[in-house]
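The values are calculated or read from the model by the stated rules, or taken from the named source; none is laboratory data. Because the structure is a prediction, the values reported are computed rather than measured. Don't worry about glycine lacking a Cβ; one is built from the backbone with ideal geometry, like all the others, and counts go over all protein chains shown.
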Amino acid sequence: MKRDASIKLVSEVRDLQIVDSEGRNCGICDDIEFHGAPGTPLTVAALLVGPGAYRRRLPRWAFRLVAMIAGERVARIPWKAVDKITARIFLSGPAEELGLLRTEDRLARAFRKIPTS
């Protein structure tokens, strides 16, 4: 599916795995940002990725728990950075340039500090 093709955004894009231009899994599409005003066409502005994007999808108590564990960061991926959508979302650039993997990197550093055995 091409980026400009007709799709059902909520059911076909949200919750899909995102893959950067280097083939790395770098998150899940948590929400979609639109631009438009009354009487004008509605367009997709960005994909929102990260724990902060859960705020509208979770009860307040559940979001507080998520925020304590993973933070409230939201990465905004411009729609123009989406290369194609199949069963996954493929991006035209590397994760770091698009602000992805920061939460995962922070958690990985924290878990490396936990002693094993």
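Go through the stretch 65-85 residue by residue and tally those that are in a helix (DSSP H, G or I), under 25 Å from Thr43 (Cβ atoms) and of a type in the set (Gly, Ala, Ser).
Of the residues in that region, 1 qualify.
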Which residues, counting only those in the stretch 12-59, are hydroxyl-bearing (Ser, Thr, Tyr) and within 14 Å of Ala81 (Cβ to Cβ)? Ser21
In the stretch 62-117, anything exposed (fewer than 12 other Cβ atoms within 10 Å of the Cβ), among the β-branched types (Val, Ile, Thr) and modelled with pLDDT of 90 or more is listed as Thr86
From the set of residues in the stretch 35-79 that are within 14 Å of the chain's Cα centre (by Cα) and aromatic (Phe, Trp, Tyr), which is farthest from Arg14 (Cα to Cα)? Trp79
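State yes or no: is Ala46 crowded, with 18+ Cβ neighbours inside 10 Å, aliphatic (A, V, I, L, M) and in a strand (DSSP E or B)?
Details: crowded, with 18+ Cβ neighbours inside 10 Å: yes; aliphatic (A, V, I, L, M): yes; in a strand (DSSP E or B): yes.
Considered against the rule, which asks whether it is crowded, with 18+ Cβ neighbours inside 10 Å, aliphatic (A, V, I, L, M) and in a strand (DSSP E or B), Ala46 comes out as yes.
Hey, could you check the stretch 13-34 for residues that are of a type outside the set (A, V, I, L, M, F, W, C), part of a strand (DSSP E or B) and surrounded by fewer than 15 Cβ atoms within 10 Å (Cβ to Cβ) and say which is farthest from the chain's Cα centre (by Cα)? If you could, list the steps in order and put the result at the bottom.
First, pick out the residues of the stretch 13-34 that are of a type outside the set (A, V, I, L, M, F, W, C): 14-15, 17, 20-25, 27, 30-31, 33.
Those left that are additionally part of a strand (DSSP E or B): 17, 25, 27, 31, 33.
Imposing the further condition that a residue be surrounded by fewer than 15 Cβ atoms within 10 Å (Cβ to Cβ) reduces the set to 17, 25.
Details: Gln17: 8, Asn25: 11 Å.
The residue in question is Asn25.
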Please go through the stretch 89-104 and give me each residue that is in contact with a strand residue (DSSP E or B) (Cβ under 7 Å, 6 or more places away or on another chain), over 17 Å from Asp31 (Cβ atoms) and not in a strand (DSSP E or B), ordered by number. Ser92, Ala95, Leu101
